[in-house]
Amino acid sequence: MSYSATSSTEAKSIKGESSIPCPSGRIIYDEARGEKICLDTGEVIEERLIDTGPDWRAYTSEEREKRARAGSPISPILQGSDVTSIIDIGGKDATGKKLDLKKKIEYARMRKLQLRTKVQNTLDRNIAQAYAELSKLGNALGLSKEVIDQAAIIYKKAIESGLIRGRAIESIVAAALYAACRVMGTPRSLDDIVKYTRSDRKEIARCYRLLWKELNWEELNIEIPKPDPSMYIPRIVAQLGLSGNVEAIAKDIVAKIRNTGIGAGKDPAGIAAAAVYIATLLTNEKRSQKEIATAAGVTEVTVRNRYKELIEFLKLNLSLAEENKT
């Protein structure tokens with residue numbers, strides 16, 4: 001049982017303006033019973049008090065953050081709307097079983113009602129739908145909340161600039177997420193994003209170019225860096241189980257061509273794949289162009305073309321015998 005002392009002034013504030021029948025004002029609070037008691041007379045001043053504190057203990061800031069139950073964080077584009085739960089558009093239940101037609105229709109109606117209760121106008125509905133799509137796409141790609149929130153800010157700016165009119169929300173969302181990955185230095189290619197969306201790759205690329213040209217990035221305090229192939233190298237190396245020596249050589253190759261313009265307009269993932277392939281040849285770690293292309297998410301033809309460009313620029317003499325070893 002733990003007690004805390006309360007002054008007479010505090011005691012008066014508990015009951016408002018009325019006085020408390022306690023001669024000395026020495027009042028304690030019994031947390032177990034929810035009572036305030038006078039130490040001198042033993043009189044119960046108040047009882048059945050509600051403890052508004054948490055029903056858990058935390059000894060570090062990390063524990064406190066994990067155990068807090070205050071709802072989801074405020075979204076950067078929903079302006080404090082309640083987004084604690086979202087009815088997904090998928091046709092499966094919580095156990096992964098497919099829903100029958102009757103259930104699909106029922107959940108579709110519930111989803112519409114849910115959106116109507118959260119938002120009041122067309123713009124808010126558009127933002128709520130976009131944020132739900134962003135969260136789903138970001139989670140499928142294994143992206144952090146910081147990247148998703150950055151994409152949300154970009155999308156909101158696109159709405160304010162009138163760039164989404166006449167375009168599919170899903171395409172703009174995918175383009176905003178790709179831009180956010182570039183801003184945050186997260187290695188995700190356009191092809192990676194296309195795998196988890198119903199939009200066409202050309203349409204997403206077109207929307208990304210639109211965002212790049214029309215948005216006021218300075219106002220957003222955002223700077224989109226140039227594509228850096230070296231970001232993709234650790235991921236390719238990890239997927240193929242290659243050594244750190246391969247990664248170091250591949251990064252060195254990319255560094256040598258960084259300011260030459262040889263990779264201008266080319267898929268950075270393709271350049272990274274070619275650099276890794278050259279590194280495997282130099283270290284004699286057997287990997288084929290097809291294996292590397294699959295790990296990088298590009299075609300084998302792309303790896304072959306970038307490989308030829310790199311060895312020609314770097315003037316590397318890789319014999320056919322060395323290539324056949326892989």
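For the criterion of being more than 28 Å from Pro229 (Cβ to Cβ), modelled with pLDDT of 85 or more and surrounded by 19 or more Cβ atoms within 10 Å (Cβ to Cβ), Glu106 fails.
Considering Val303, Val276, Val298, the condition of being β-branched (Val, Ile, Thr) and closer than 18 Å to Ile193 by Cα is satisfied by Val298 alone. Just to be sure before I move on: is Tyr155 in a loop (DSSP other than H, G, I, E, B) and of a type in the set (Phe, Trp, Tyr) in the structure I sent? Here the answer is no, as Tyr155 does not meet what is asked.
Looking at Arg235, Arg258, just one residue is farther than 30 Å from Ser161 by Cα and at pLDDT below 85, and that residue is Arg258. The conditions of being at pLDDT below 90, out of contact with any Lys or Arg (no Cβ under 6 Å at 6 or more places or on another chain) and part of a helix (DSSP H, G or I) are met by Ala321. Candidates are the residues of the range 159-179 that are out of contact with any Leu (no Cβ under 8 Å at 6 or more places or on another chain) and assigned to a helix (DSSP H, G or I); the one that is farthest from Leu215 (Cα to Cα) is Glu170.
Conditions first: (1) in a helix (DSSP H, G or I); (2) closer than 13 Å to Cys207 by Cα. Tyr131 passes all but one, so which condition is the exception? With (1) in a helix (DSSP H, G or I); (2) closer than 13 Å to Cys207 by Cα applied to Tyr131, the lone miss is (2). Taking every residue in the range 235-262 that is at negative phi and surrounded by fewer than 17 Cβ atoms within 10 Å (Cβ to Cβ) and pairing it with any residue that is assigned to a helix (DSSP H, G or I) and of a type in the set (Ser, Thr, Tyr), at least 6 positions away or on another chain, the pairs with Cβ-Cβ distances below 8 Å are Ser243/Thr283; Asn245/Thr283; Ala255/Ser230. Residues in the range 290-315 that are at pLDDT below 90, of a type in the set (Ser, Thr, Tyr) and touching a Phe, Trp or Tyr at 6+ places or on another chain (Cβ under 9 Å): none.
Taking the criterion of being outside any loop (DSSP other than H, G, I, E, B) and either crowded, with 17+ Cβ neighbours inside 10 Å or of a type in the set (S, T, N, Q) (or both), the residues of the range 137-152 that qualify are Leu137, Gly138, Asn139, Val147, Ile148, Asp149, Gln150, Ala151, Ala152. Checking the range 296-313 against the condition returns no match, with no residue being surrounded by fewer than 21 Cβ atoms within 10 Å (Cβ to Cβ), under 31 Å from the mean Cα position of the chain (by Cα), within 23 Å of Ala174 (Cα to Cα) and aliphatic (A, V, I, L, M). Of all residues in the range 184-212, those that are acidic (Asp, Glu) and over 19 Å from Ser135 (Cα atoms) total 2. Entry remark, the range 267-294: residues being among the hydrophobic types (A, V, I, L, M, F, W, C) and in contact (Cβ under 8 Å) with a residue 60 or more places away in the chain number 1 in total.
The values are calculated or read from the model by the stated rules, or taken from the named source; none is laboratory data. All figures in this text were calculated on a predicted structure; none of them were measured in a lab. As a convention, Cβ positions derive from the backbone with ideal geometry for all residues, glycine included, and neighbour counts pool all protein chains shown.
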